[in-house]
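Each remark here refers to the structure printed beneath this line.
Quick note: the coordinates plus some simple rules give every number you see, no bench work behind them. Bear in mind the structure is a predicted one, so any value in this text is a computation, not a measurement. Heads up, the Cβs are rebuilt from the backbone with ideal geometry, glycines too, and the neighbour counts pull from every protein chain shown.
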Amino acid sequence: MKILVSGGAGYIGSHVALELSRQGFEPVILDNLSKGHRQAVRAGKLIEGNMGDGQLVREILAREKIEIAVHLSAFSLVGESVREPAKYFQNNIANSLSLLDSMVACGVKKFVFSSTAAVYGEPETVPITEDHPKRPQNPYGFSKLAYEGILEAYDRAYGLKYISLRYFNAAGADVEVEIGEDHQPESHLIPIILQTALGLRKSLELYGTDYTTPDGTCIRDYIHVSDLARAHLLAIEALKQGTESKIFNLGNGQGYSNRQVIETAQRVTGAKIDIKESPRRPGDPAVLVASADRIKAELGWSPKYPQLEEIIASAWRWHKKHPHGYNS
Ligand SMILES: NC(=O)c1ccc[n+]([C@@H]2O[C@H](COP(=O)([O-])OP(=O)(O)OC[C@H]3O[C@@H](n4cnc5c(N)ncnc54)[C@H](O)[C@@H]3O)[C@@H](O)[C@H]2O)c1
């Protein structure tokens with residue numbers, strides 16, 4: 001069965017495409033390489049193009065006989081979304097809507113969507129369940145929540161069935177195939193720590209040390225990118241079996257503070273990480289931890305790599321071999 005993977009040359013999408021091919025699916029990757037990397041495509045074929053190009057997408061859907069689509073293509077830098085909201089609404093809403101319209105026009109009505117913990121904003125209760133109030137604090141989170149609303153309306157009107165996966169913090173790298181995280185610019189904590197361990201950065205900027213958490217730093221929920229990718233397989237199976245549309249959190253349900261992540265990375269790498277303590281960044285919640293009970297109960301998902309140490313070790317193997325990412 002052929003699956004369209006929009007954004008499949010990106011960090012998470014390349015791991016999703018790999019898992020799909022491991023399970024016997026044929027991934028067809030659509031990516032405009034605005035952020036992704038040709039070398040990250042290790043399974044399936046890459047078609048270079050914009051998801052907002054309706055003619056191209058309709059051609060691909062018909063020619064390749066696509067039955068299900070996974071939609072990961074988006075911009076996802078929170079700070080940039082605050083400075084340039086139009087860019088985010090254009091890509092994450094308008095281009096993404098065009099992708100959906102192309103699908104409906106071609107009768108492809110099964111869809112997996114990459115949503116985010118950023119739809120919740122500052123949590124009132126932790127761990128965060130899917131029913132927690134949604135109050136995104138930035139245009140990025142808003143764009144993802146708006147798209148979930150679009151999906152709900154398309155289900156009602158056109159019978160589109162979707163599974164929206166609200167990822168918490170994806171990290172790590174495939175343990176067999178050499179693909180990994182290479183965002184430009186990098187904004188995620190673990191790769192930044194590892195770049196510091198490699199001497200590519202002088203020090204690590206630690207934002208906020210006065211949160212009401214045990215060690216004063218933010219707490220986040222890290223999920224291995226391959227565990228995250230495997231959840232897409234379960235979502236696809238559920239859609240194939242005719243499930244109703246559903247929304248799931250995707251995290252490990254365990255939080256680690258920034259200091260704990262740094263200490264673990266020091267243990268894994270054997271390097272001393274120099275830290276520069278800086279003020280809090282606006283809009284960074286103190287604690288973001290998922291309740292993943294729903295996806296465990298309903299799709300039978302369970303993580304293979306729940307330990308932070310193994311998540312960081314897999315990322316470290318990638319970064320050590322590819323200090324400058326795919327251009328190393
Ligand atoms: N990385 C995380 O921890 C995280 C957390 C929550 C949600 N997400 C979401 O997961 C998805 C994937 O994230 P990622 O970290 O792999 O990002 P990424 O930037 O590595 O991948 C996104 C890919 O989409 C492509 N793309 C963007 N706009 C496109 C367009 N108009 N047409 C075709 N291709 C386009 C980019 O070239 C890139 O390859 C995103 O939707 C992101 O919002 C990521």
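When you restrict to C-alpha pairs under 8 Å that are six or more residues apart and normalise by the size of the chain, the relative contact order lands at 19 percent. Helical content alone sets the calculated 222 nm signal of the chain at -11500 deg cm²/dmol, taking -39,500 (n - 2.57) per DSSP H segment of four or more residues and averaging over every residue. The angle between the Cα long axis of helix 225-240 and the main principal axis of the chain comes to about 20°, on a 0 to 90 degree scale. Exposure proxy ranking for THR209, THR129, THR196, based on other Cβ atoms within 10 angstrom of each Cβ and starting from the fewest, stands as THR129, THR209, THR196. Could you name the aspartates and glutamates whose alpha carbon sits less than 17 Å from that of LYS109, not counting residues in the same chain fewer than 8 places away? Once the sequence-local aspartates and glutamates are set aside, what remains near LYS109 is GLU59, GLU64, GLU67, ASP101, GLU148, GLU152, ASP155, GLU237, GLU244. When only the Cβ of Lys, Arg, Asp and Glu is charged (+1, +1, -1, -1), the dipole of the range 79-237 relative to its Cα centre reaches about 480 debye.
Quick check: Cα centre of the range 252-328 to Cα centre of the range 154-178, how many Å? A separation of 19 Å, based on Cα centres. When each of LEU200, LEU20 is scored by the number of other beta-carbon atoms lying within 10 Å, the sequence from fewest to most is LEU200, LEU20. Pairs of Lys residues in the range 275-328 that lie 8 or more places apart, or on two chains, and have C-alpha atoms under 25 angstrom apart add up to 4. Under the rule a/c < 1.5 gives rounded, and otherwise a/b versus b/c splits prolate from oblate, where does the range 1-60 land using the Cα gyration tensor? It is oblate, given that a/c is not under 1.5 and a/b is not larger than b/c. Would you mind pulling out the separation of the Cα centroids of the range 79-111 and the range 1-59, in Å? Between the Cα centres of the range 79-111 and the range 1-59 lies a distance of 16 Å. The alpha carbon gyration tensor of the range 166-325 gives principal lengths a ≥ b ≥ c with a/c of 1.5 or higher and a/b no greater than b/c, which makes the shape oblate.
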